[in-house]
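What follows draws every value from the coordinates through simple rules; no lab data is involved. Since the model is a prediction, treat every value here as computed from it, not as a measurement. We place every Cβ from the backbone using ideal geometry, glycine too, and count neighbours over all the protein chains shown.
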Amino acid sequence: MNFLKPLLITLSALALLVFLLMFNKSKMDAQAESPVSEKPILATAITAEKRLLTQSISGVGAIEAQNDVTIVSETQGKVIKVFADVGTKLSAGDAVVQVDSELKYAAFVAAEAQFEKAKKDFERYQVLYREGGIAEDDLEQMRLTLKQAEANFIVAKRQHANATIRTPISGILTERKFNIGEMIQPDALVATVVNTASLKVIVFISEADVMKLRIGDEVPIELDVYPTHRFIGKIKSISDKATDAGSYRVEVVFSNQKEMPVKVGMTARLTFGASAKREAIILPRMAVLGDGKRAFVYTVENGVAVQTPVKTGRSAGGDIEIVFGLNGGEMVITNGQTLLKPGAKVSINAPTIR
């Protein structure tokens, strides 16, 4: 019977442990069911009110020259003369650099002589053919010889002319790659000429606004260098295809002015269309939580935080427009909302009206 004593002790210990566990569970359940006083979260709020919103379409872009030409070599040889330095004002057809053309000139003279001889020979063959002195095949062979001589002359003349590299447009020489003594190869970049008489600005407009624009519309242009003056441009083109970002390329052109010259690369601010005013609810951007697909704000009703879905519109600076979800008059939390959950008690610190 002695072996029963340890067994009874073990069973008694297990029974006591089960009793204690059941007792603690009942106590914890009772505590969970009993109401606990929730401490209100301190937050700052404003009363959402409708305000007049000035609406316009705007864009920012860098000024570019409408006519910006890169001059490429069509010949090869050593540079023997430079006609223009960076900053030189050029007219269309002016020479920029001269490449050694002695051999090209010799080839041109020879081709010209062959061409002149072929023309005279063909005239002589025509007379002989009319008099019956030669066959028609002989006349046709001479005609082909004349055409070949003419083609050789045209090529030699072009190659000789290409030895003098010229600008195709009027403008300012902004870059020159070669100096005297350097070798130029075909297709080499020789110089860049920019005509700043007519300028352009390229901006990208959202799909919500691009349909409001028309080619030919006048566009005010503002520059920091002339803060009190507005240049007037016109819309030259509107892209029919969106970029990967979903915006559309719009090109605005305007004329440079001697009294207030504009340089390529300056930043321009454009305003499209007349400004319109309408009522809208504007909130601080920090009041809106979530993302573009699921944005929401916390409003306060009877001292409790309510998660209110909203749809946002335009934004400017630290403010954002609410186009759906609020009617005005709601108390919207602007500070402390990141600590909240729906249904949490809130203590508002000095709500204000915007």
- Any idea how far the Cα center of segment 283-305 sits from the one of segment 160-193, in Å? 63
- Mind putting a number on the dipole of segment 127-227 about its Cα centre? Charges go on the C-beta only, +1 for Lys and Arg and -1 for Asp and Glu, and I need it in Debye to the nearest 20. 320
- Message: So if I place +1 on the C-beta of Lys and Arg and -1 on the C-beta of Asp and Glu, and nothing else carries charge, what would the dipole magnitude of the chain be about its Cα centre? I want it in debye, nearest 20.
- Response: 1460
- Message: How charged is the neighbourhood of Ile205? Take every other residue with its Cβ under 10 Å from the Cβ of Ile205, and add Lys/Arg as +1 and Asp/Glu as -1.
- Response: 0
- Query: Using θ = phi - 60° and the Karplus curve 6.51 cos²θ - 1.76 cosθ + 1.60, what whole-Hz ³J(HN,Hα) does each residue of segment 66-76 get, with Gly and Pro shown as x?
  - Reply: 5, 10, 10, 10, 9, 8, 10, 6, 10, 9, 9
- Would you kindly state how much longer the chain becomes between Asp137 and Ile180 on full extension, computed as 0.36 nm times their sequence separation minus their alpha carbon distance, in nm to one decimal? 10.2 nm
- Task: Step through the residues of segment 215-231 one at a time and calculate ³J(HN,Hα) from phi using the Karplus curve (6.51 cos²θ - 1.76 cosθ + 1.60, θ = phi - 60°), rounding each to whole Hz and writing x for Gly and Pro.
- Result: 4, x, 4, 6, 9, x, 10, 10, 10, 5, 6, 10, x, 9, 10, 10, 7
- Query: Tell me, Kirkwood radius of segment 101-159 from alpha-carbon pair distances, in Å?
  - Reply: 12.1
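So if we plug the beta-carbon distance of Thr145 and Val109 into 1/(1 + (r/R0)^6) with R0 = 22 Å, what FRET efficiency do we get, rounded to 0.05?
FRET efficiency, Thr145 to Val109: 0.70.
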- Using the beta-carbon distance between Asp319 and Thr243 and R0 = 25 Å, what value does 1/(1 + (r/R0)^6) give for FRET efficiency, to the nearest 0.05? 0.40
- Whole-angstrom gap from segment 218-281 to segment 113-135, using each part's C-alpha centre: 66
- Amide H contacts of Thr75 (H built 1.01 Å from N, under 5 Å, at least 5 apart or other chain): Asp187
- Note on the structure: With -39,500 (n - 2.57) per DSSP H segment of 4 or more residues and division by the full residue count of the chain, the 222 nm estimate, nearest 500 deg cm²/dmol, is -9000 deg cm²/dmol
- Task: Compute the Kirkwood hydrodynamic radius of segment 108-260, taking the inverse of the mean of 1/r over all pairs of distinct Cα atoms, and give it in Å to one decimal.
- Result: 22.0
- Task: Have a look at the DSSP beta bridges in the chain and tell me what percent are antiparallel, nearest 5.
- Result: 95
- Query: Check Ala45: other-chain or 5+ apart residues with amide H under 5 Å from its amide H, H built from backbone geometry?
  - Reply: Thr334, Asn349, Thr352
- Query: Nearest 20 debye, what's the magnitude of the dipole of segment 101-159 about its Cα centre given +1 on Lys and Arg Cβ and -1 on Asp and Glu Cβ?
  - Reply: 320
- Distant-in-sequence amide H partners of Thr174 (H built 1.01 Å from N, under 5 Å): Gly87, Thr192, Val193, Val194
- Item | Helical segments meeting 20 Å axial Cα length and Kyte-Doolittle 0.5 threshold in the chain (DSSP H) | 4-33
- A correct Stokes-Einstein calculation for the chain, using the alpha-carbon Kirkwood radius, 10 °C and 1.306 mPa s, returns a whole-number D in µm² s⁻¹ of 53
- Item | segment 76-116: equivalent-ellipsoid semi-axes (sqrt of 5 x gyration tensor eigenvalues, Cα, Å) | 29, 13, 5
- Using the Karplus curve 6.51 cos²θ - 1.76 cosθ + 1.60 with θ = phi - 60°, work out ³J(HN,Hα) for each residue of segment 246-258 in order, rounded to whole Hz, and write x for Gly and Pro. x, 10, 10, 6, 10, 10, 10, 10, 7, 8, 6, 10, 5
